[in-house]
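To start, the structure under review is shown below, and the notes come after it.
FYI, it's all coordinate maths here, none of it is from the lab. Source: prediction; values computed, not measured. Positions of Cβ are backbone-derived with ideal geometry, glycine not excepted, and every protein chain shown enters the neighbour counts.
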Amino acid sequence: MGNSGEIKIFDTKTEVFKAIAEGVLSLTQISTQAVFNIALSGGNSPKGLFEKISKEYASRIPWGRIHLWWGDERCVPPDNKESNYKMTVDYLLANIDIPDENIHRIYGEDNPEGEAERYSQELEGALILRNGIPVFDIIILGLGDDGHTASIFPDQIGLFEYDRNCAVAMHPVTEQKRITLAGKVLNNASQIYFLVTGKNKSERVEEIINDHDVAKLLPAYYISPRNGKFTWFLDKEAASLIS
Ligand code: 6PG
């Protein structure tokens, strides 16, 4: 479970972003695969990471071999300020030289149920399958201060066991529909990088890593790649409650 990951703690967010960028660079460099598939998280945390990559790694990471996907997307058009794709264009894609065909956005503007099915099938057609489930080389995940990850929220924790690759979820407060990777795809990854910064995440981090009973109600607790490596990338604020 989530408490089984390797824990890396850094003094500043910038050092967290650098460590993740270095990890992506080294994994892509040592990989002998023709294609390297990375699923990105949305929200705010990745903005600093994408800025760091844009500034210092744009010419070093082999983008021609890297295909970018998303762990989740809001059901909004791609030019909407809520769109994870739009955020990624603004903070990363506009600054790197990556072929258009390497970008696999979730069509947030389309019918959610239909798009969840379409994305599930696109994943199955493009990624290596392990136990019949698509394998990402790296999935970058964020942690909500309510313990959600991707768009699997505590009140829909059953989506972690959903039988398809992607599901339609709903934000518990805004009721905004989301498309999310289901738990079986998340836990099928070769590497999971948990990018968690800020004081407002410290309680969830402590509950999950110290395996509290209350953590068992949190989707992020169930992140535990079966055949992969799992690393928490924390700044000292998010790690402030763990010894
Ligand atoms: C999303 C994200 C979501 C995010 C967490 C943390 O679509 O919002 O994928 O899972 O990672 O909510 O969000 P912050 O990085 O903004 O704290």
Of the listed residues (I208, I242), the one being touching a residue at least 12 places away in the same chain (Cβ under 8 Å) and surrounded by fewer than 19 Cβ atoms within 10 Å (Cβ to Cβ) is I242
Only unsatisfied item for D163, checking (1) buried (at least 24 other Cβ atoms within 10 Å of the Cβ); (2) part of a loop (DSSP other than H, G, I, E, B), is (1)
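Condition first: within 17 Å of the chain's Cα centre (by Cα) and surrounded by fewer than 19 Cβ atoms within 10 Å (Cβ to Cβ). Can you find one or more residues in the range 38-46 that meet it?
In the first step, residues of the range 38-46 are kept if they are within 17 Å of the chain's Cα centre (by Cα); the result is 38-46.
Pick out the ones that are also surrounded by fewer than 19 Cβ atoms within 10 Å (Cβ to Cβ) and you get 43-44.
Checking the range 38-46: at least one residue is within 17 Å of the chain's Cα centre (by Cα) and surrounded by fewer than 19 Cβ atoms within 10 Å (Cβ to Cβ).
Within the group A215, A220, A169, which residue is outside any helix (DSSP H, G or I) and surrounded by 14 or more Cβ atoms within 10 Å (Cβ to Cβ)? It would help to see each step written out before you state the result.
Values: A215 fails: outside any helix (DSSP H, G or I); A220 fails: outside any helix (DSSP H, G or I).
Result of the check over A215, A220, A169: A169.
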E56: passes all of (1) buried (at least 17 other Cβ atoms within 10 Å of the Cβ); (2) away from the ligand (no atom under 16 Å from the Cβ); (3) more than 26 Å from P134 (Cα to Cα) but (1)
If we keep only residues of the range 133-160 that are touching a Lys or Arg at 6+ places or on another chain (Cβ under 7 Å) and under 19 Å from A39 (Cβ atoms), then the residue surrounded by the fewest Cβ atoms within 10 Å (Cβ to Cβ) is I133
Restricted to the range 79-92 and to residues being touching a residue at least 24 places away in the same chain (Cβ under 8 Å) and surrounded by 15 or more Cβ atoms within 10 Å (Cβ to Cβ), the residue nearest to the ligand (Cβ to nearest atom) is N84
Against the definition (more than 20 Å from T231 (Cβ to Cβ), touching a residue at least 12 places away in the same chain (Cβ under 8 Å), within 14 Å of the ligand (Cβ to nearest atom) and among the aliphatic types (A, V, I, L, M)), how does V76 come out, yes or no? yes
- Would you confirm whether any residue within the range 38-48 is under 16 Å from Q191 (Cβ atoms) and away from the ligand (no atom under 13 Å from the Cβ)? yes
Checked the range 206-226 for anything among the β-branched types (V, I, T) and within 12 Å of the ligand (Cβ to nearest atom); matches are I223
The condition of being under 30 Å from A239 (Cβ atoms) and either of a type in the set (V, I, T) or within 13 Å of the ligand (Cβ to nearest atom) (or both) holds, among I103, I98, I138, only for I138
All-but-one check, A189 against (1) without any contact (Cβ under 8 Å) to a residue 60 or more places away in the chain; (2) more than 12 Å from the ligand (Cβ to nearest atom); (3) of a type in the set (A, V, I, L, M, F, W, C); (4) within 24 Å of K47 (Cα to Cα), failing number (1)
